[in-house]
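The values are calculated or read from the model by the stated rules, or taken from the named source; none is laboratory data. Quantities reported herein were computed from a predicted structural model and do not represent experimental measurements. Don't worry about glycine lacking a Cβ; one is built from the backbone with ideal geometry, like all the others, and counts go over all protein chains shown. When the accessible area is computed, the model is the full protein with side chains, heavy atoms only, and any ligands, DNA or RNA have been set aside. Shrake-Rupley method; radii C 1.70, N 1.55, O 1.52, S 1.80 Å.
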Amino acid sequence: MIRVNENYLKLKASYLFVDIAKRVAAFTAAHPEKKVIRMGIGDVTRPLPPVCIKALHEAADEMAAEATFKGYGPEAGYEFLREAIAENDYRARGCQIGADEIFVSDGAKCDTANIQELFAGDIKIAVPDPVYPVYVDTNVMAGRTGENVGGRYQGFIYLNSTAENNFIPELPKEKVDLIYLCFPNNPTGAAITKAELKKWVDYAKENKSLILYDAAYEAFIRDESLPRSIYEIDGADEVAIEFRSFSKTAGFTGTRCAFTVVPKKVKAYTSSGEAVALNPLWNRRQSTKFNGVSYPIQKAAAAVYTAEGKAQVKALIDFYLENAKIIREKMTSLGFACTGGENSPYIWVRTGCESWSFFDKLLNEAAVVTTPGSGFGSCGEGFIRISAFNSRENVIEAMNRISSVLGN
Ligand code: PLP
């Protein structure tokens, strides 16, 4: 008899986007004449930078000629891309990361999901609340938690991100082995300072824990004093793995390219306390289960690091950041406390009522779709997330409509 992995049955169905879709469909059916503006999406809306498109076309032509055709590539990525990442994203910022510590992949989603395979089944895990759900669900699937009771899985240590702590969670009181952090944060938009991040690195060193640092939104950081990488903190290359993505940086959500940094100094321990380097383990995992990102896509990603590419990516992010500023300023002027929207594409708005009631009000009275914060965890109750990934025209119109509904 084939038996099922019963851990999957513990997963709480994610009703968030299904519920949103249902409510939007009901509204559209009742008001077919109204144009709905979707401000809830976490997907980018602008096309790929021209420099990436050019590289993509050229690489496609290479695949058409026998002399330049490429079959399987290196599982961890082509050297030209790994070297460009190490140089531009790390060494240029004073972080001593080598190309052989970079693993190119087809997404930060799968990397943040797959990395937990390297760790024992009975470790203690700390996850943020609210949270990008992948960190939680993948550990549930692996059997590292108990049942979901009242919206929280037994066995996790939840790191509450609330207005009281400016959405930067406090260190856990107990010893934990694995810590998920995400900055700039999805969904709260909060960014962490070097001093705050140093506390986590120090904690990890003291407790022999490991930090999984999701920096998928790093490109939105404009405040030069904020860390773009955890490796800007001394000693982090001993206790942290970092995830990055071209998805939000350069519009690769549909094209798929990302990377994970596993420094050679990062270790995990056997039950007898022997240290094991994670870099060769991740390399083994990837070369066994993954066959690399396609050559044209890696060429397109490498184009991001040319002078032209850097300028085009900056313009792309500037566009979304201007949207974010418009949203943040409008919501603030209407009297709502907001976080994010600076150094982040997300604006986390304190609603003063239940997330879903606020969502319904904006949908029914302004025909604007947002994301209810409660869908990201219990600490998200009382908030909504507004996304800056949209056209300028839609952002302005959505804010005008919200203003007339919520303004005095
Ligand atoms: N990490 C965070 C925090 C995200 O919000 C997202 C996407 O929304 C991802 C990772 C996924 O990135 P990718 O498109 O590279 O899989």
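Here are some notes:
- Residues of segment 158-216 that are touching a residue at least 40 places away in the same chain (Cβ under 8 Å) and of a type in the set (Asp, Glu): Glu174, Asp177, Asp214.
- Every condition in (1) hydroxyl-bearing (Ser, Thr, Tyr); (2) open to solvent by 60 Å² or more (accessible area, probe 1.4 Å); (3) touching a helix residue (DSSP H, G or I) at 6+ places or on another chain (Cβ under 7 Å) holds for Thr68 except the one numbered (2).
- Wholly enclosed strands (runs of 3 or more DSSP E) of segment 252-331 bearing at least 3 residues touching an Asp or Glu at 6+ places or on another chain (Cβ under 9 Å) and within 24 Å of Gly42 (Cβ to Cβ): 258-261
- Evaluated against (1) more than 16 Å from the ligand (Cβ to nearest atom); (2) open to solvent by 10 Å² or more (accessible area, probe 1.4 Å); (3) farther than 25 Å from Ala60 by Cβ, Glu218 falls short on exactly one condition, (1).
- Residue check for Ser225: open to solvent by less than 10 Å² (accessible area, probe 1.4 Å), more than 19 Å from the chain's Cα centre (by Cα) and in contact (Cβ under 8 Å) with a residue 12 or more places away in the chain: no
- Flag if Gly40 is at pLDDT below 95 and under 25 Å from the mean Cα position of the chain (by Cα): yes
- Which listed residue, of Leu210, Leu278, is over 23 Å from Tyr78 (Cα atoms) and buried (at least 19 other Cβ atoms within 10 Å of the Cβ): Leu210
- In segment 221-261, the residues that are hydroxyl-bearing (Ser, Thr, Tyr), within 16 Å of the ligand (Cβ to nearest atom) and closer than 21 Å to Gly189 by Cα: Ser229, Ser245, Ser247, Thr249, Thr253
- Every residue from segment 1-41 that is surrounded by 14 or more Cβ atoms within 10 Å (Cβ to Cβ) and closer than 24 Å to Arg152 by Cβ: Asn7, Lys10, Leu11, Lys12, Leu16, Asp19, Ile20, Gly40
- Residue match in segment 337-345 (condition: in contact with a strand residue (DSSP E or B) (Cβ under 7 Å, 6 or more places away or on another chain), among the small types (Gly, Ala, Ser) and surrounded by fewer than 21 Cβ atoms within 10 Å (Cβ to Cβ)): yes
- The residues of segment 183-213 that are in contact with a helix residue (DSSP H, G or I) (Cβ under 6 Å, 6 or more places away or on another chain) and either closer than 13 Å to Ile241 by Cα or of a type in the set (S, T, N, Q) (or both), listed by number, are Val201, Ile211, Tyr213.
- Top-ranked residue of segment 101-136 - restricted to ones that are over 15 Å from the mean Cα position of the chain (by Cα) and of a type in the set (Asp, Glu), ranked as nearest to the ligand (Cβ to nearest atom): Glu117
- Hey, Ala216 at pLDDT 95 or above, small (Gly, Ala, Ser), closer than 17 Å to Ser378 by Cα and not in a helix (DSSP H, G or I) or not: no
- Residue ID - surrounded by the most Cβ atoms within 10 Å (Cβ to Cβ), chosen from residues in segment 162-204 that are small (Gly, Ala, Ser) and over 14 Å from the mean Cα position of the chain (by Cα): Ala204
- The residue that is farthest from Gly189 (Cα to Cα), among those in segment 28-46 that are within 14 Å of the ligand (Cβ to nearest atom) and touching a helix residue (DSSP H, G or I) at 6+ places or on another chain (Cβ under 7 Å), is Val44.
- Evaluating Glu83 against the criteria (1) without any contact (Cβ under 8 Å) to a residue 40 or more places away in the chain; (2) not in a helix (DSSP H, G or I) leaves one unmet condition, (2).
- The residues of segment 34-49 that are over 25 Å from Ala302 (Cβ atoms), in a loop (DSSP other than H, G, I, E, B) and of a type in the set (D, E, K, R), listed by number, are Lys34, Lys35.
- All positions within segment 79-132 that are open to solvent by 50 Å² or more (accessible area, probe 1.4 Å), closer than 14 Å to Arg144 by Cα and touching an Asp or Glu at 6+ places or on another chain (Cβ under 7 Å): Lys124
- Only listed residue being free of Cβ contacts under 8 Å to residues at least 40 places away in the same chain, among the polar types (S, T, N, Q), open to solvent by 30 Å² or more (accessible area, probe 1.4 Å) and within 29 Å of Phe376 (Cβ to Cβ), chosen from Thr351, Thr288, Thr332: Thr332
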